[in-house]
Amino acid sequence: MIRHFLEIADLDRSQLLGLLERARRLKAGEVDRSLQGKTLALIFRKSSTRTRVSFEVGIRQLGGTGIFLADRDTQLGRGEPVMDTARVLSRYVDGIMIRTFEHAEVEALAKYAEVPVINGLTDRFHPCQLLADLQTVQEEFGPELSDLRIAWVGDGNNMAHSWLNAALLLGFELRVATPEGFEPDPELVRRARTGADVVLTTDPAEAVEGAHVVNTDVWASMGQEEEVGDRVAAFEGYRITAELMAGADPEAIFLHCLPAHRGEEVTAEVIDGPRSRIYREAENRLHAQKALLVELFSNPD
């Protein structure tokens, strides 16, 4: 049973593959109204396009209701303890999704909530995006991913951490290229290496060589605005270009969780080119999260 969804590693391999299979069926047109009468609180301490719209549309398509709560609309934004918010919301709603900064806040919410809690994004993990990414990769290469080589180029951030968790469960090869000082958490790397071949490098070409999937993200995420200048300088050699993609597998695809800065972390030629799957990837947020909601609300204990 899945109680909360704070990171991909909260699942086991069979649960993850089961979610992806349900997402496939929902996208193919399977009708599921099993969340009739259910209510999901959607707390946004970070702004969003894809997370907000996909969750609101998803819960409605499943028969339920979503309540959008911006930071300014809640007492969390004025310093109310997470414990109090969790316990009160648990008496009103059937589940809580939160998009925030510190991962510890999501962990505290899950500790005190009596309903399922979903991590819509933290500075440490972005697991809902990874569900959509994995669904996109399966659509391209088939359901078995263990023979694939996945490349991550850029910051060792929440997306890199989530790919490490996915490699742990699914066993594909993961190559991560970051500048020195921007590597992913070494403990997550160590854990991932117990289930997958994980290569860390400072050379983007080494990471991309023969890769079936090439991923990147913005160089400065929300909350890192003061670091933009330093980060642009540090990541200058980590732009995804057509030349870099030429070293990947001939059938390789490009993914980006969006929003993107064309000309910065990726050229327009790549992100708008024939190898890009960014819009299908974004669409799959809806289907993967619907599968997650059904699983969480169907197994509340």
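The values are calculated or read from the model by the stated rules, or taken from the named source; none is laboratory data. Bear in mind the structure is a predicted one, so any value in this text is a computation, not a measurement. Here Cβ is always computed from backbone atoms with ideal geometry, including for glycine, and neighbour counts include all displayed protein chains.
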- Residue set Ile59, Ile43; condition of a type outside the set (S, T, N, Q), within 30 Å of Thr74 (Cα to Cα) and assigned to a helix (DSSP H, G or I); output residue Ile59
- Might you check whether a residue that is touching a strand residue (DSSP E or B) at 6+ places or on another chain (Cβ under 8 Å) and surrounded by fewer than 16 Cβ atoms within 10 Å (Cβ to Cβ) occurs anywhere in region 215-232? no
- Message: Looking only at region 266-279, count every residue that is in contact (Cβ under 8 Å) with a residue 40 or more places away in the chain and either outside the structural domain of Leu255 (by TED's automatic domain parsing) or out of contact with any helix residue (DSSP H, G or I) (no Cβ under 8 Å at 6 or more places or on another chain) (or both) and tell me the total.
- Response: 1
- Top-ranked residue in region 233-265 [being among the aliphatic types (A, V, I, L, M) and loosely packed, with under 14 Cβ neighbours inside 10 Å; ranked as nearest to Arg124 (Cα to Cα)]: Ala233
- Task: For region 9-29, state whether one or more residues are assigned to a strand (DSSP E or B) and hydrophobic (A, V, I, L, M, F, W, C).
- Result: no
- Task: For region 210-224, state whether one or more residues are farther than 25 Å from Ser47 by Cβ and at pLDDT below 95.
- Result: no
- Selection over region 86-95 where residues are surrounded by 12 or more Cβ atoms within 10 Å (Cβ to Cβ) and either touching a residue at least 40 places away in the same chain (Cβ under 8 Å) or touching a Lys or Arg at 6+ places or on another chain (Cβ under 9 Å) (or both) yields a count of 5
- Task: State which residue is nearest to Ile118 (Cα to Cα) when the search covers only region 3-36 and only residues that are surrounded by fewer than 18 Cβ atoms within 10 Å (Cβ to Cβ) and aliphatic (A, V, I, L, M).
- Result: Val31
- Filter region 46-70 down to residues that are under 28 Å from Asp123 (Cβ atoms), in contact with a helix residue (DSSP H, G or I) (Cβ under 7 Å, 6 or more places away or on another chain) and without any contact (Cβ under 8 Å) to a residue 60 or more places away in the chain, then give me how many there are. 2
- Only residues in region 222-244 that are on the phi < 0 side of the Ramachandran plot count as the first member; pair them with residues that are at pLDDT below 95, Cβ under 6 angstrom, at least 6 apart or cross-chain, and list the lot. Met222/Lys46; Glu227/Ala220; Val228/Ala220; Arg231/Trp219; Arg231/Ala220; Phe235/Trp219
- Within region 52-83, of all residues that are within 16 Å of Ala23 (Cα to Cα) and of a type in the set (Val, Ile, Thr), the one surrounded by the most Cβ atoms within 10 Å (Cβ to Cβ) is Ile59
- In region 240-301, which helices (runs of 4 or more DSSP H) lie fully inside it and hold 1 or more residues that are among the aromatic types (Phe, Trp, Tyr), under 17 Å from the mean Cα position of the chain (by Cα) and within 26 Å of Gly142 (Cα to Cα)? 278-298
- Query: Are there any pairs, at least 6 apart or on different chains, whose C-beta atoms fall under 7 Å, with the first in region 9-31 and within 13 Å of Leu131 (Cα to Cα) and the second aliphatic (A, V, I, L, M) and not in a helix (DSSP H, G or I), and if so, which?
  - Reply: Asp10/Ile2; Leu11/Ile2; Gln15/Ile2
- Query: Filtering region 96-126 down to residues that are within 21 Å of the chain's Cα centre (by Cα) and among the β-branched types (Val, Ile, Thr), which residue is surrounded by the fewest Cβ atoms within 10 Å (Cβ to Cβ)?
  - Reply: Thr100
- Query: For the subset of region 266-297 comprising residues that are more than 30 Å from Lys38 (Cα to Cα) and of a type in the set (S, T, N, Q), which member is surrounded by the most Cβ atoms within 10 Å (Cβ to Cβ)?
  - Reply: Ser276
